[in-house]
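Just so you know, all these numbers are worked out from the coordinates, no wet-lab data involved. None of these values were measured; they are calculated from a predicted model. Cβ sites come from the backbone with ideal geometry, for glycine too, and all protein chains shown count toward neighbours.
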Amino acid sequence: MADNKNTVLSARGLSVQYAAENPTLTDINLDIAAGEIVGLTGSSGSGKSTLAYALLGLTRRGAQVTGGKIDFDGHDLLALSDEELERVRGRDIALIVQNPRSALHPMYQVGRQISRVYQAHKDSGRTEAQQRAIEMLRLVGINDPERRSDAFVHELSGGMAQRVLIALALSTNPKLLIADEPTSGLDVTVQAQFLDTMWETSRETGTAMVLVTQEPGILANYCDRVIELDAGHVAKDVSASAFISASTKRSTQSPSAVERERQNHEPLLRVEGLRKTFPLRGTKKVVQAVDDVSLSLFAGESVGLVGESGSGKSTVGRCLLKLLEADAGKITFDGQDLAAIGGHTLRKLRQRIQIVQQDPYDSFDPRWSIEKSLLDPLVIHKIASPAEARGVIEESLSRVSVEFSVLSRRPRDLSAGVLQRIAIARALLMKPDFLVLDEPTSMLAPQDRHVILDVLKRLRTELGLSYLLISHDLTSVASACDRVVVMYLGQVVEVGPTVDIFEKPIHPYTKALIGAHLEENPETRRVERLDRVDLEGEIPSPIDLPVGCYLATRCAHATDACHKERQSLSPFSSHHDVRCMRVGQFELDEAS
Amino acid sequence: MIWRFTLRRLAVGLVQLSVLIVAVFFLIRLLPADPVARFVGMNASPEAYALAEQSLGLDLPVTRQFEAFLFGEGNDGGGLFRGELGTSWVTGSSVNQEIRQYLPVTLELITLSFLIAVGLGVPIGVLGAVNPGGAADKGTLVYGLFAGSQPEFSWGIIFIFVFFVVLGIAPGPLGRLSPLTDPPDFVTGAITIDALLAGRVDIFLEALWYLSLPILTLSFVLSGPIIKMVRENVAQTMNADFMFYGQAAGLPRGVLARDALRAAFAPALTLIGILFGFMIGGAVLIESIFSISGLGQYAIRSILAFDYPAIQGVVLTISALTLLIYLAIDVCQALLDPRVSV
Amino acid sequence: MSNTGNRDESAAFGVLAWIGVGIVSCAVFLAIFSPWLIPYDPTQATENVSMPPPPLSAWPSLFWQTIANGSPTPHWFGTDASGLDVFSRTIEATRTDLIIALSANIVSVIIGVSLGVISGYFRNIWTETLLRTADLLQSFPVFITAMILVALAGRSWVNIVLAMSLLYAPIYLRLTRTEVLALRERSFIEAARALGKTELGIARHHILPNAIGPSLIQFSVTIGFAILLTAGLSFVGAGVRPPTPEWGSMIATGATQLVLGDWWPSLFPGIAISVTVFGFAVCGHVLEKRYGR
């Protein structure tokens, strides 16, 4: 492959080592062809970021390239002088990184940061460089680039900053773009739009790309070839379709069992007209976190609550345990009104409702051993005598398939996946009926996510546990929930059985959200789909919400009425509710 | 924009200052000291005691005393609201005039010391940061820790011994000028400036000569925290993501260096400002050792003599200056750093 | 420049840490055992006035003579103008200064940390007032305020301790409060609440132990400040009353003899204070690098 004319870059025997440690990368060989998009993947610590930087002849603090060569454009990058490398970097090989907001200098306007890189590489004047910056910002889909180029990085959202970074990287028309987990921390719809832009630009300009990511969805949807690293070695170098076995088809839950439950019983949990605002410090304004949420959940049922950051889904979860006091609305759990109880009664009730939080490392006292953390709730509720406690704890741990040896460890010594399972075990100690899972998989590596979801499904069959799975990860929700509740800006916009929501979404927001979902299937790549629904513009501020439909400003189907009238959640079919007054009329728009 | 910000900060500062002066006024009177006894002596007759008490105004209830402090007594045209701090119980002259005389001396001393400490400390700190783990790095770390922790009075004395007693290359601790030299006319109160204004370069040089040891001592102590902080800031900036990214984008080294300094400068400015504010009230010991009659010496004298009006004046002056310096830092910060919201 | 470099301080670190710990342990040892270590009564004048210390080269033989032949102990650091043994006073002063600095900091930590936890945990008019008061105290010029407080309240070591506590408690209050505010947002606090722990239990078992760290680091740094302040106050005549041995007042008395060439009465206490505060500063730095944010 190295002899191939189209090869842009080829590395041979590349090794990188941090001072006095095991080599991070050993003997890496790889080739990247012109216009090719190569996914670089591997678990955390496998050295993928280190490799990405090494391809630029760069290392992070303390690391050193200990051997090998990188052929690029007829030169060995590792043999170049610092000055020569300076010219290659940014001109021929460009980089974008994970944390765009810290990668840009905080005290210069972003437009200036683009233009000065351009100036450094393309012998151009200042005005020309400024024009180039604005042109690039427009190209990556930033509205009003003239104004935005004068912004400072702290004034931009994460997605916007990432676009600035890619504008900067591509401004010089590099032959190779290296993207190190460019979308981590972005919402799904933003992620999809960003990756689309990147993909399109790469196809248009013929720029080759190395895309570092852990997400199988991204690999499947955007990459031609996948290189997997394992402990600093290349473990696989295959085509994307070979890498992702097409068998990871979505399994959706059968609604029949729950149907019966519904007809016979009152729901276990009923939420009506929930509202929660947070005062904004130093002003009289409030942030509208939750605005009119109603939902119900039956015994044995699992419901997914999805929406992007800022949609208020976590706030709903917290209100259910009364960890936050709702402003308005009624929450009834097993016939008991949550607003009416407090103190001891509340603590007793909380035994039946438990929560698993997002960041496992944050949800354990860092100073306590796992044993102490698990023992404490047993002591508080006098669930078990000291003699029995060990048995109870061990039973709980075996339910989540965690070895007992973890008991003597501290949280920081354990992996995120294991710790998250221990968090579930801790909740199970209370023998709860209902579990709120607040983004339980978002901090975990893809492999650990599957383990958690399997545990949840098992607990449901073994213990008859009901749960509310709050997540922005649609794959998790699709595989583990009977019904899905979609939230946007504090409102429920659509509720329905999982199959309906995923296959026949009604609300324009749900459509966009499902459309942005990157399935782990190279056969249904997003970039090849024609019926993509994308939302325009930016999400309105929750401090200053529109009068009518919250989506109206971004919706292709919006009419004057949408902008003026408040929408209500109305039945669309049995068990499927939608908050949109124009349901069923969208076809008219397309016809006209 | 910046003007509104400044005015708002100034208003907040004034409120702080008023609370502070109220606190000082009452705190002093709450403490179990007896200034009257201090003035008339322990064995004075009750009559003499009562007379003294009356003349100091201490026979009045505290609220009346406070009123007099704010509005002056009768129609004497005094009072804090007219900008008068009262009359010293010891010297009988106006506290305003005394502070006017002593404050410039202190400001002159610490400003010169700061110029030297910053002028030397900043490059040394940067030097320590650019080559992490190197000898310069370790050296600046240890020096910064050492100098930053040291008692200035002890070092002042060591320097006097070494440079005056043993080597004889520096003047003795006799004040700001030789006792035989006539000081220049009082204009600003800072002797170096006044000498230049009077066109007397010889007096200017002599003043610098006499100030050399106090400045050496102060800049030695001040250089510690400055070096330590500059070293840490620059090191932190060099490890920042945007520096790594700038390198990855192939920015020339000169541009990168400027980027690093720009980001490190703002926090450094804050610390230097805070140190300066601290030193206005902290130069007491140096002044005492070198017999420099500045605000610190005045403070010691007034406090040990229980001279309440003078004590109040000193605390008020120092606090007001400190607040002004903090205000200046905030304004500079807002001008320099776009992240600071105006 | 292609390598931003690792801040490999580990080597220097080890040495520095040992220096810091060594100095602090020595100081504490001297403070505890000074009555058994000093050859002369620190407040009782001898007949030798302004006697210079023996030359360093003579020290080993003198030392040997003292132990073996029982001859009278020499004045290792000389004597001052009143005939007091500088060596005994310097050692005994370790006790005075350390006790004052430690007491002031212990009182400040207890007050500051508990008020910090309270003001971080409860947000109401009382804790707001408390915070404003702390701000006010921190805006006073430290040295001058300490002087005013001690001079006007009476020059006793208890008053010095109280004055310093008033000035230092706000530091600990601020530190703890910031920490508590951050802790309150942590998931494990919420988890404990969901698991049925009472607010008091959360404050005692989770908040306090996790919030106290920065204060303990600060403790080491502030002890250095407190020693400087104690000595500084005595130096200008507003601290502990002579003849209590104290470094600052010893330096001040010695300074009057300095122009005559008698360097020893002020130099030895000067070295003692320099080394001690350096030791505490190093410990503070090491603690902060290892356990701080």
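Distance between the modelled labels on B:PHE66 and B:ARG8, one decimal in nanometres: 3.1 nm (7 Å Cα→Cβ projection).
Compute the distance from the alpha-carbon center of the stretch C:207-223 to that of the stretch A:215-242, in whole Å. Each part's Cα centre sits 48 Å from the other's. Counted over chain A, the DSSP beta bridges are approximately 60% antiparallel.
When DSSP beta bridges are restricted to pairs lying wholly in the protein assembly as shown, around 60% turn out antiparallel.
Peptides B:104-116, A:483-495, B:188-200, ordered by how many other C-beta atoms sit within 10 Å of their residues on average, highest first, read A:483-495, B:104-116, B:188-200. In chain C, the longest principal axis of the Cα atoms and the axis of helix C:59-69 are about 80 degrees apart.
Taking amide hydrogens as placed 1.01 Å from N in the peptide plane, the amide H of A:MET487 sits under 5 Å from those of A:VAL306, A:GLY307, A:VAL493, each at least 5 positions away in sequence or on another chain.
Using the Cβ-Cβ distance between A:ASP123 and A:SER442 with R0 set to 51 Å, the FRET efficiency works out to roughly 0.65. Our note on the geometry: Cα centres of the stretch A:467-529 and the stretch A:66-135, 39 Å apart. Can you tell me the orientation of helix B:46-56 relative to chain B, as the angle in degrees between its alpha-carbon axis and the longest Cα principal axis, to the nearest 10? Roughly 50 degrees, rounded to the nearest 10.
Just checking the output field for B:250-256: average partner chain Cβ neighbours within 10 Å of each residue's Cβ?
Partner-chain Cβ atoms within 10 Å, mean over residues of B:250-256: 6.
The magnitude of the dipole of the stretch A:4-246, with charges of +1 and -1 set on the Cβ of Lys/Arg and Asp/Glu and taken from the Cα centre, is near 400 debye.
Would you mind checking the tilt of helix C:247-258 against the longest principal axis of the Cα atoms of chain C, expressed as 0 to 90 degrees and rounded to 10? Computed tilt is about 40 degrees. If R0 equals 45 Å, the separation of the Cβ atoms of B:ASP59 and C:LEU200 corresponds to a calculated FRET efficiency of about 0.30. Starting from the Cα of C:ILE99, move 7 Å in the Cα-to-Cβ direction to define the label point; list residues of the stretch C:24-40 whose amide nitrogen is under 12 Å from there. Correct set: C:31-35. Bridging of C:LYS289 to lysines at a Cα separation below 20 Å is possible for B:LYS138, B:LYS228, once same-chain residues fewer than 8 apart are set aside.
Our estimate of slack between B:ALA48 and B:ASP241, defined as 0.36 nm per intervening residue step minus the Cα-Cα distance, is 62.0 nm. What the phi angles of the stretch B:215-227 give under the Karplus curve with 6.51, -1.76 and 1.60, with θ = phi - 60°, is a coupling list of 5, 4, 4, 5, 6, 4, 5, 6, 5, x, x, 5, 4 Hz, glycine and proline written as x. Contact order for chain B, expressed relative to its length and based on alpha carbon pairs under 8 Å spaced 6+ residues apart, stands at 25 percent. In terms of the mean number of neighbouring beta-carbon atoms within 10 Å, the peptides A:118-128, A:295-305, A:576-586 order highest first as A:295-305, A:576-586, A:118-128. Full extension of the chain between A:ARG138 and A:ASP334 yields a length gain of 65.1 nm, computed as 0.36 nm times the residue separation minus the alpha carbon distance.
Excluding same-chain neighbours fewer than eight residues apart, the lysines reachable from A:LYS431 by a Cα-Cα span under 16 Å are A:LYS348, A:LYS382. Place +1 on the Cβ of every Lys and Arg and -1 on the Cβ of every Asp and Glu in the protein assembly as shown, take the dipole about the Cα centre, and give the residue among A:ILE134, A:THR510, B:PRO173 whose Cα lies farthest towards its positive end. In the protein assembly as shown, that residue is A:THR510. Entry note, the stretch A:269-591: relative contact order of 20 percent, from Cα contacts under 8 Å with a spacing of 6+ residues.
Spin-label model, A:ARG412/A:ASP224: points 7 Å from Cα along the beta carbon direction are separated by 4.5 nm. Rounded to 0.05, the FRET efficiency of the A:SER574 and A:SER184 pair, given R0 = 45 Å and the Cβ-Cβ distance, is 0.70. The distance from the alpha carbon centre of the stretch C:136-172 to that of the stretch B:178-202 is 38 Å, rounded to a whole number.
With a cut-off of 20 Å on the backbone N, the residues of the stretch A:264-278 near the modelled label site 7 Å out from A:LEU323 along Cα-Cβ are A:269-272, A:274-278. Taking 7 Å steps out from each Cα toward its Cβ at A:ALA19 and C:ARG123 produces label points 4.4 nm apart.
Listed by chain and number, the lysines placed with their C-alpha closer than 26 angstrom to that of A:LYS175 are A:LYS5, A:LYS48, A:LYS69, A:LYS122, A:LYS236; residues fewer than eight positions away on the same chain are left out. Of all DSSP beta bridges confined to the stretch A:4-246, the antiparallel ones make up roughly 55%.
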